[in-house]
1. Which members of the range 163-192 meet the condition of being within 16 Å of ligand 2 (Cβ to nearest atom) and either assigned to a strand (DSSP E or B) or within 13 Å of VAL104 (Cα to Cα) (or both)?
2. Tell me whether the range 105-113 contains one or more residues that are part of a strand (DSSP E or B), within 12 Å of ligand 1 (Cβ to nearest atom), charged (D, E, K, R) and within 28 Å of ILE252 (Cβ to Cβ).
3. Give me a count of the residues in the range 97-113 that are under 23 Å from HIS207 (Cβ atoms) and open to solvent by 40 Å² or more (accessible area, probe 1.4 Å).
4. Just to check your reading of the model, which residue among LEU31, LEU8 is hydrophobic (A, V, I, L, M, F, W, C), buried (at least 19 other Cβ atoms within 10 Å of the Cβ) and under 22 Å from LEU242 (Cβ atoms)?
5. Applying the selection to the range 178-197, what residues are away from ligand 1 (no atom under 14 Å from the Cβ) and open to solvent by 40 Å² or more (accessible area, probe 1.4 Å)?
6. Return yes when GLY16 is within 14 Å of LEU87 (Cα to Cα), open to solvent by less than 60 Å² (accessible area, probe 1.4 Å), of a type outside the set (A, V, I, L, M, F, W, C) and out of contact with any Leu (no Cβ under 6 Å at 6 or more places or on another chain) and no when it is not.
7. For the range 140-162, which positions are buried (at least 17 other Cβ atoms within 10 Å of the Cβ), within 15 Å of ligand 1 (Cβ to nearest atom) and not in a helix (DSSP H, G or I)?
Amino acid sequence: MTAPPRVLTVAGSDSGGGAGIQADLKTMLALGVHGMSVLTAVTAQNSLGVQGAWELPVEAVRAQYRSVVDDIGVQAVKTGMLSSAELVEAVADLLAGTDAPAVVDPVGVSKHGDALLAASALDSVRTKLLPVATVATPNLDEVGQLTGVRVGSEPDMRRAAAAMLEFGPRWVVIKGGHLSGDAVDLLTDGSEEHWLRAPRQDNRHTHGTGCTLASAIASYLAKGHPVPEAVTAAKTYVTGALASGFALGGGIGPVDHGWALRRDGEG
Ligand SMILES: Nc1ncnc2c1ncn2[C@@H]1O[C@H](COP(=O)(O)OP(=O)(O)O)[C@@H](O)[C@H]1O
Ligand SMILES: Cc1ncc(COP(=O)(O)O)c(N)n1
């Protein structure tokens, strides 16, 4: 068998298995690419929230990245929780020296409102990380934190996208998941505009949606799809995963990463 495309996630661990590295690797398996990971932080996390978080030393992050990229090679990289300014800057430097598209999910806070990025790291995200992103995928809270643009409606998403593009990513996806009505995301590079619309799933088990979307984009890019096709296919994957998200624990359960594998009616 020939090797599948290789995708690397640089992100934090979610012990509950719904978001972070665990969501990324499950998404990659479901989409038929070889998933690899550089761990940036460990969280004690479950359906109720984040009970603790511990960052890895910057040398440990650099060493994992070099081990993977120098031997195995990557066709796409996805970044998630980066925790501190020091880690943001180290990862931005590593991405700048890698010849593969980078999907940057500028993770700020968890669904429960727990901080996953220090406030002091925001400036490094703006000036170091976003300029090396092929696609940036902020949610509305992250857009607010990074640009100051508050999005309350679809027209505001255009202004938010323009403000994000000023930091230098090639493309931006403004995720409208937190608005009401249809789940609408705006993908743009400043000249093309693609509105990606899916019916809102009436399901509170949405833990990991952002990580899943970004990893799916990276997986489709690694398979050779251009950005608009990759983001459209990733939106279809996350919508299906959300539709069959399930209860686990006493709070917000995970999306179902395996839904696309079970479409043929198996177990
Ligand atoms: N209830 C929902 N129904 C359908 N799609 C949703 C729903 N909530 C979020 N999404 C979609 O999931 C993806 C992740 O968005 P969002 O939940 O806003 O990100 P994050 O996890 O970073 O907060 C987006 O494509 C968004 O439109
Ligand atoms: C380690 C880690 N990384 C990212 C998220 C964000 O995921 P979500 O916004 O879906 O809660 C998370 N909760 N934990």
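1. If the condition is that a residue be within 16 Å of ligand 2 (Cβ to nearest atom) and either assigned to a strand (DSSP E or B) or within 13 Å of VAL104 (Cα to Cα) (or both), then VAL173, ILE174, LYS175, ALA183, ASP185 are the ones that fit.
2. Looking for residues that are part of a strand (DSSP E or B), within 12 Å of ligand 1 (Cβ to nearest atom), charged (D, E, K, R) and within 28 Å of ILE252 (Cβ to Cβ), one finds none in the range 105-113, hence no.
3. So the count comes out to 4.
4. The conditions single out LEU31.
5. Result: ASP189, GLY190, SER191, GLU192, GLU193.
6. no
7. VAL151 - this is the single residue of the range 140-162 that is buried (at least 17 other Cβ atoms within 10 Å of the Cβ), within 15 Å of ligand 1 (Cβ to nearest atom) and not in a helix (DSSP H, G or I).
This table checks each residue for (1) in contact with a Ser or Thr (Cβ under 9 Å, 6 or more places away or on another chain); (2) farther than 20 Å from THR137 by Cβ; (3) open to solvent by less than 20 Å² (accessible area, probe 1.4 Å); (4) among the aliphatic types (A, V, I, L, M).
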position	(1), (2), (3), (4)
GLU59	no, yes, no, no
GLN64	yes, yes, no, no
ILE72	no, yes, no, yes
ALA90	no, yes, yes, yes
LEU95	yes, no, yes, yes
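The values are calculated or read from the model by the stated rules, or taken from the named source; none is laboratory data. This structure is a prediction, so every number in the text was calculated from the model and none was measured. Heads up, the Cβs are rebuilt from the backbone with ideal geometry, glycines too, and the neighbour counts pull from every protein chain shown. When the accessible area is computed, the model is the full protein with side chains, heavy atoms only, and any ligands, DNA or RNA have been set aside. Shrake-Rupley method; radii C 1.70, N 1.55, O 1.52, S 1.80 Å.
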